[in-house]
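The values are calculated or read from the model by the stated rules, or taken from the named source; none is laboratory data. All values reported here derive from a predicted model rather than from experimental measurement. Counting neighbours? That spans all protein chains shown, and the Cβs are built from the backbone with ideal geometry, glycine included. Side chains included, ligands, DNA and RNA excluded: accessible areas come from the protein's heavy atoms. Shrake-Rupley method; radii C 1.70, N 1.55, O 1.52, S 1.80 Å.
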Amino acid sequence: MNNLKIICDSLSDIPKNLREKYDIEMVPLTVRFGEDEYKDGIDLEPKNFYDMLREGKLPQTSQATYTQFKEVFDKFTKEGKEILYISGSSKATGTYQSAVMAKNDTEGKIYTFDTLNFSYGCGMQVVKAAQMACEGKSIEEIIKELEYMRDNMYVVFSVDDLKYLQRGGRISSSKAVIGNMLNIKPILEVKDGLVTPVAQARGKKHIFAKMVDLAKKHYTEGMGIAIGHGDCESDMTKLRDMTNNELRISDILITDVGSCVGSHAGPGILGIFCVK
């Protein structure tokens, strides 16, 4: 193992067991419900978060700060570590810029990498970097692999209730109402760091089938695949089984979609993450 410390932010939605296995440090974003403040991925379990959404509570999220990154960077550089910080999309949050500012004020070798992605679309890149660091790969080799993954990462997802996309300005209120009434839901992709609609379908069976079809067109065998969900175990199981049947993959990683992404997508979000 080399002297490189991998750091991510909580937009990555990496399961705790993987963060511990590969010694990944996570800097949390902040989620607020009224005057109550929580550190994403630390203070608030996904189940509790989505229950609060279902109760009608409205969350606000804020980026990880310069101070948070400065403290973490100082800690590991003082231990003699080199640092690679891998971020969620800089086009959706100022978190990456906070890290760059802290890096510029910190002595030591610190590298930053913008995945231009969300949830495990970011997390898959972080885990790969951490695996390579554990294998003793150089920073140059790791960055090269991350650049490949960033350019070839494919993320497709759907939401169960359109009101959360409407609140975030992704769709109009009239489309949200009509879509919910008719059970017509958009299927979205992440492209160049932003969310964009790619299709729509009516009914969960058709939604899942379309998502799997899109993933099948982009998946490269042996590159790994994951499914993320927002507290919807039953739907996740159906999507996992359908993905397994179509792509013949038995070791699909399952992860929770955390509160920062979930704030904008709501309970019932489902996503497939893979590399082309």
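General remarks:
- Within the range 16-29, considering residues that are open to solvent by 10 Å² or more (accessible area, probe 1.4 Å) and in contact with a Phe, Trp or Tyr (Cβ under 9 Å, 6 or more places away or on another chain), the one nearest to F113 (Cα to Cα): E25
- Of all residues in the range 33-53, those that are within 16 Å of Q63 (Cα to Cα) have Cβ atoms under 8 Å from Cβ atoms of residues that are of a type in the set (V, I, T) and modelled with pLDDT under 95, 6 or more apart or on another chain, in D40/T61.
- Note on the range 66-81: residues that are open to solvent by less than 60 Å² (accessible area, probe 1.4 Å) and closer than 17 Å to S10 by Cα amount to 5.
- Any hit, the range 151-159, residues being in contact with a strand residue (DSSP E or B) (Cβ under 6 Å, 6 or more places away or on another chain), in a loop (DSSP other than H, G, I, E, B) and surrounded by fewer than 16 Cβ atoms within 10 Å (Cβ to Cβ): no
- Candidates M52, M101: the one that is out of contact with any strand residue (DSSP E or B) (no Cβ under 8 Å at 6 or more places or on another chain), surrounded by fewer than 20 Cβ atoms within 10 Å (Cβ to Cβ) and aliphatic (A, V, I, L, M) is M101.
- Flag if K137 is open to solvent by 10 Å² or more (accessible area, probe 1.4 Å), more than 18 Å from I227 (Cα to Cα) and assigned to a helix (DSSP H, G or I): no
- Condition met for K128 (of a type outside the set (V, I, T), open to solvent by 40 Å² or more (accessible area, probe 1.4 Å), closer than 28 Å to V156 by Cβ and in contact (Cβ under 8 Å) with a residue 12 or more places away in the chain): yes
- Residue among Y120, Y96 that alone is touching an Asp or Glu at 6+ places or on another chain (Cβ under 9 Å), in contact (Cβ under 8 Å) with a residue 40 or more places away in the chain and in a helix (DSSP H, G or I): Y120
- Members of the range 82-98 that are out of contact with any helix residue (DSSP H, G or I) (no Cβ under 9 Å at 6 or more places or on another chain) and surrounded by 18 or more Cβ atoms within 10 Å (Cβ to Cβ): Y96
- Whether a residue is under 21 Å from the mean Cα position of the chain (by Cα) and over 16 Å from T65 (Cα atoms) was assessed, and Q131 passes this test.
- Residues that are at pLDDT 95 or above and under 19 Å from the mean Cα position of the chain (by Cα) do occur in the range 199-213, at least one of them.
- Residue list for the range 1-53, restricted to those being assigned to a strand (DSSP E or B), closer than 20 Å to G230 by Cβ, aliphatic (A, V, I, L, M) and more than 18 Å from the chain's Cα centre (by Cα): none
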